[in-house]
Each structure stands twice: as structure tokens, then as C-alpha cells.
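The values are calculated or read from the model by the stated rules, or taken from the named source; none is laboratory data. Bear in mind the structure is a predicted one, so any value in this text is a computation, not a measurement. With ideal geometry, Cβ positions are generated from the backbone for all residues, glycine too; neighbour counts draw on all protein chains shown. Accessible surface is based on the protein model in full, side chains and every heavy atom, while ligands, DNA and RNA are left aside. Shrake-Rupley method; radii C 1.70, N 1.55, O 1.52, S 1.80 Å.
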Amino acid sequence: MNFLEERIQKDGIVKEGNVLKVDSFLNHQMDIALFKQMGEEWKKRFADANINKILTIEASGIGIACVVAEFFQVPVVFAKKSKSINIEGEMYIAEVESFTHRCKNQVIVSKAFLGPGDRVLIIDDFLANGCALQGLISIVSQAGASVEGIGIAIEKGFQSGGRVIRNLGYHLESLAIVDAMDAKTGKITFGKQ
Ligand code: 5GP
């Protein structure tokens, strides 16, 4: 088991409905030493990608992305969830369905902060069905920028997102892949990286 899998095993809580709670170190209270280990690991895994920007989505991606950015020495842009529609022209817009909140959000990124020539590393906390990632990928593509890599902390391997994103040819690096989890026993099984 790697450092993140060990932490999930120790402090993760399996909830009904295929939800893994990691509020004590990732999603509410944040363990910055752990985030640094994650940043170091992604820096190794994306050593050959010449990244100049990190893109994430609010809210839980932001903390991780900021620490990771220290390792790549690049700025972080986060997609904002927005209800406002009177912004066409200045913003890239994508629809994202939330797995945890079961609602649709528009996410936006200002055209001022992403454009042609940008080489983007996308960072997020979880990958489930891949809606959040598809939204971010769409924003990068609207900008004429390129997705050089995708770093996910926890991929739920029993949901379809990872397979879909890898099949599209993206370089996706998940630090922990949960193959199965059981809300009754609390047992979490990890898959191969
Ligand atoms: P997707 O769009 O891939 O279906 O879901 C990804 C988003 O949903 C992540 O950004 C994360 O915020 C949230 N999410 C999905 N599954 C889980 C989960 O099991 N636990 C937590 N805490 N968040 C999740």
C-alpha cells in the first residue's frame, strides 16, 4: 500500500451510496504534509510533461492543487461553480453533474486565465463517473490549450470515469484506486495503479 492508500485505510469512512468520506484529511480538515507527498508523487509521474498551469474545480480540489503547484512552480486556476449566465464571451463554460450533491452546475473559467498554448495539469480529489473531469477537459479544449496530464487523489475504480478518461487517451494518474468498498463492514480494497 502507498502512503495515500494507508491513510484512506486508517481514516476513510465508507458511507452508503458508494461515498467515501475523507473529511479528516482531504475534504474538510486538510493534511498539508500529505498533500505535499501527493505533489511530490505527481511531480515524478508527470516529469516529462512541460506543465505551465494547473486547473482544478472548487471547492475540494483547490487546497490540493495549491500545494501541488509548489512542486511544478506554476499558477493554479480553479473552475468556479456559477449560476450566473450573463457572462458569455468572457468565460469558458461547461456543465458538470455533481456525484455527491446530485445536481447540475455550470462551471466557468475566465478567458483571461487560460488560452492557446497553455499546457495544463488537471488536479482533483475524486474521480467517480468522470463528469467533473469531462467539464474541465471541455474548458481546456474551448481554450485551445492542451491537457498534459490528470492527477486524481482517489479514483473509485468501480465507477466508469477512469476507464472512459483513459480510453480517450489522457495520461491519468490516480494515487489511490479503490476497487471495492463496503459500507457495512467498512472494508476498502485497493486496485493496481
Ligand atoms: P465525478 O464527476 O467523477 O462523478 O465525481 C467527482 C466529484 O464528485 C469529485 O470532485 C468529488 O468532489 C465528488 N465525489 C465523487 N465521489 C466521491 C466520494 O466517494 N467521496 C467524496 N468525498 N467525494 C466524491
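For A59 and A33, compute 0.36 nm times the residue count separating them, minus their Cα-Cα distance, and round to one decimal in nm.
7.4 nm
In the structure displayed, which of K36/K156; K10/K187; K81/K156; K104/K156; K21/K80; K10/K44 lie more than 18 Å apart, Cα to Cα? Could the numbers behind the result be given before it?
Details: K36/K156 22 Å; K10/K187 11 Å; K81/K156 23 Å; K104/K156 20 Å; K21/K80 23 Å; K10/K44 25 Å.
Result: K36/K156; K81/K156; K104/K156; K21/K80; K10/K44 exceed 18 Å.
Given a 1.4 angstrom probe, I'd like the percentage of the accessible area of the range 123-164 that is carbon and sulfur, rounded to a whole number.
That fraction is 47 percent.
Which percent of the accessible heavy-atom area of the range 1-65 goes to carbon and sulfur, probe 1.4 angstrom?
47 percent
Using the heavy atoms of the protein chains alone and a 1.4 angstrom probe, what is the accessible area of the chain per residue in square angstrom? All intermediate terms of the calculation are to be shown ahead of the outcome.
Numbers: 9600 Å² over 193 residues.
Ligands and nucleic acids excluded, the result is 50 Å² per residue.
Using only C-alpha atoms and all pairs of different ones, pull out the Kirkwood radius for the chain in Å with one decimal.
16.9 Å
Show that you can apply the helix-only estimate: for the chain, add -39,500 (n - 2.57) for every DSSP H stretch of four or more residues, divide by all residues, and state [θ] at 222 nm to the nearest 500.
Values: 5 runs with 55 residues, N = 193.
The per-residue figure over the chain is -8500 deg cm²/dmol.
Can you tell me how much longer the chain between K83 and N18 gets when fully stretched, taken as 0.36 nm per residue apart minus their C-alpha distance, in nm with one decimal?
Length gained between K83 and N18: 20.6 nm.
Could you rank F46, F126, F78, F113 by how accessible they are, 1.4 Å probe, largest area first?
My answer, sorted largest first, is F113, F78, F126, F46.
Rounded to the nearest 0.05, what FRET efficiency is calculated for E97 and T185 with R0 set to 35 Å and r the Cβ-Cβ distance?
For E97 and T185, the calculated efficiency is 0.75.
Evaluate the relative contact order of the range 42-145 (contact order divided by residue number), counting alpha-carbon pairs under 8 angstrom at least 6 apart; express in whole percent.
This gives 32 percent for the range 42-145.
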